[in-house]
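Data first, discussion second: the structure below is written as structure tokens.
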Amino acid sequence: MDDALRTARLLLRPWREEDRAPFAALNADAEVVRHLPGALDRAASDALLDRLEAQRRRLGYGLWAVEVPGVAGCIGFVGLKPLPFDEPPAPAVEVGWRLAREHWGRGYATEGARAALAHGFGALGLEEVVSMTVPANTRSRAVMERLGMHRDPGDDFEHPGLPVGHPLRPHVLYRLRREEHATG
């Protein structure tokens, strides 16, 4: 795998030391993490960055830092990762994104995710990619739909990484198969 993916406006690349501060800022933004278990302090954000980069190096793919060349350095992440649990819908590879709020509404998540999907179905030879979120996360669900992903309500699940009764435990699942991507 190349160390980076390029789109018309974005560079998806390995993480750098200078990405830590902007990544911590977006992980501390209450609106960015509204549909996640909570904001991260600097130490937790740095630890997450370290895990993401280690996973990317180990697997040959992962959640890349997203840069808008000539406009902004690290604005978040986009990429592919294996689901972090063993219960259905795992085993699966997920396409995901998290961007700083000031970069929302510009199509960056969709553009970056399209590049990640092309890489997953092409170079990685994946047969299917999933994406998941809480039902209320309409912005991410709209990205999933723009990517051509589809939802079967029978696939929705309770996230095993969250305790029973947690308000973010219910998740919707979207899927995209290689042949659907090729025709989309």
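For segment 21-69, state which trypsin sites (Lys or Arg not before Pro) are in a DSSP loop and have at most 16 other beta carbons lying within 10 Å of their beta carbon.
Those satisfying the criteria are R34.
For the peptides 148-154, 77-83, 120-126, what is the packing order when you average, over each peptide's residues, the other Cβ atoms within 10 Å and list the highest mean first? Each step should come with its number before you reach the end.
On the way: 148-154: 13.1, 77-83: 21.1, 120-126: 15.7.
Ranking, from highest mean packing down: 77-83, 120-126, 148-154.
Using r as the Cβ-Cβ distance of E180 and A54, and R0 as 22 Å, what FRET efficiency do you calculate, to the nearest 0.05?
0.10
Once you wrap a convex hull around the alpha carbon atoms of segment 45-98, what is its projected area averaged over all directions, in nm²?
4.2 nm²
With an 8 Å cut-off on Cα pairs and a minimum separation of 6 or more residues, tell me the relative contact order of the chain in percent.
18 percent
On full extension of the chain, what length is gained from D29 through R42, given 0.36 nm per residue of separation minus the C-alpha to C-alpha distance? Let's see the in-between values first.
Details: separation 13, 0.36 × 13 = 4.68 nm, distance 1.17 nm.
Fully extending the segment from D29 to R42 adds 3.5 nm.
Once you've got the GNM for the chain with C-alpha springs shorter than 10 Å, pick whichever of A54, A39, A72 has the biggest mean-square fluctuation.
Highest fluctuation among the options: A72.
Charges only on Cβ, +1 for Lys and Arg, -1 for Asp and Glu: so what's the dipole of the chain about the Cα centre, in debye to the nearest 20?
Details: 24 positive and 26 negative charges, 76 e Å.
The dipole of the chain has a size of about 360 debye.
Whole angstrom only: what separates the Cα centroid of segment 81-160 from the Cα centroid of segment 1-57?
16 Å
Run the Debye formula on the Cα coordinates of the chain, all scatterers equal and no solvent, and tell me log10 I(q)/I(0) at q = 0.08, 0.13, 0.15, 0.18 1/Å.
Evaluating at q = 0.08, 0.13, 0.15, 0.18 Å⁻¹ gives log10 I(q)/I(0) of -0.23, -0.64, -0.88, -1.33.
Lys and Arg at +1, Asp and Glu at -1: add these up for the other residues within a Cβ distance under 15 Å of R169 and post the number.
Every neighbour counted, the sum reads -3.
Indicate the helices, whole DSSP H runs only, in the chain that combine a mean Kyte-Doolittle hydropathy of -0.5 or more with a Cα extent along their long axis of 15 angstrom or more.
Membrane-span-like by this rule: 108-121.
Just A115, A43, A28 to compare: in a GNM of the chain, with alpha carbon springs under 10 Å, which one fluctuates most?
Residue with maximal mean-square fluctuation among A115, A43, A28: A43.
Rolling a 1.4 Å sphere over the protein heavy atoms, what is the accessible area per residue of segment 94-141, to the nearest Å²?
Numbers: 1880 Å² over 48 residues.
That works out to 39 Å² per residue.
Roughly how many percent of the accessible protein surface of the chain is carbon and sulfur, given a 1.4 Å probe and a whole-percent answer?
51 percent
The values are calculated or read from the model by the stated rules, or taken from the named source; none is laboratory data. Note that the structure is a prediction, hence the values are computed from the model and not measured. So basically every Cβ, Gly included, is an ideal-geometry build from the backbone, and we count neighbours across all protein chains shown. We work out accessible area using only protein heavy atoms, side chains counted, and drop any ligands, DNA or RNA first. Shrake-Rupley method; radii C 1.70, N 1.55, O 1.52, S 1.80 Å.
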